[in-house]
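The values are calculated or read from the model by the stated rules, or taken from the named source; none is laboratory data. A quick note: this is a predicted structure, and the numbers were derived from the prediction, not measured. Positions of Cβ are backbone-derived with ideal geometry, glycine not excepted, and every protein chain shown enters the neighbour counts.
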Amino acid sequence: MKIISQLTAKQAGDLGDAVKLLPGLSDYERNAIRNNKIKKSRESGRMIHFEAVVPVKQPGYIEYETTRYWYRTMKRDDFLSLAKKNQVITERTNDYGGIAPNYEYAKKYLGNDKGTHIVEFAFEITGKEFHEKINERESSLKGNKFRPQTAKAEGGGTIGLGPAGMYQGIAGKVFNEMLDRHEITWRLVYFGIPL
């Protein structure tokens, strides 16, 4: 069996049997390649990059209030957990766990220690309506002690789903509940694997 560094660009980009030559792919990643949802885009350094065949819906800057598409860069284990459980991991101490309203901003968080996968989340509601849902949940928990929070100003307005994010993880709970109800769907739009 060939190792990744011995593959030609054609072999790594082709569907079918060439996918078997990529050791270490998860079933989800392998099926995304076979079903022509993800294709090899390039090699750089010691990494093979794969991107969605259908372009991302929100590539550039947009204010969070109007978007229906959000992006999150994840480490591989976090992505595999999402693929298995249809939930994002939101419990890590001091983890912001942000989602951004555009792909270009999420790409800034790619790297060995940051992340290897980017997921596009499609919402039935706008970012403003999502933010209102989060505020409503927090208000119902805090009563008259409620103090509204806004999205972080970076990247068009990011929302933290983890304990260091909006309302110490309440945003992540609302997000995962919406995933459960299929009010949010997702697809893998980028991943990189080392050579």
Original post:
Considering only the range 80-96, how many residues are part of a loop (DSSP other than H, G, I, E, B) and either touching a strand residue (DSSP E or B) at 6+ places or on another chain (Cβ under 9 Å) or over 22 Å from ALA52 (Cβ atoms) (or both)?
Top reply: 10
**OP:** Considering only residues that are loosely packed, with under 12 Cβ neighbours inside 10 Å and assigned to a loop (DSSP other than H, G, I, E, B), look in the range 16-45 and name the one that is modelled with the lowest pLDDT.
**Re:** PRO23
Original post:
Looking only at helices (runs of 4 or more DSSP H) that fall completely inside the range 97-195, which ones have 1 or more residues that are crowded, with 21+ Cβ neighbours inside 10 Å, among the hydrophobic types (A, V, I, L, M, F, W, C) and touching a Ser or Thr at 6+ places or on another chain (Cβ under 6 Å)?
Top reply: 103-107
**OP:** Search the range 149-166 for residues that are β-branched (Val, Ile, Thr) and pair each with any residue that is assigned to a helix (DSSP H, G or I) when their beta-carbon atoms are under 6 Å apart and the residues are at least 6 apart or on different chains.
**Re:** ILE159/MET166; ILE159/ALA171
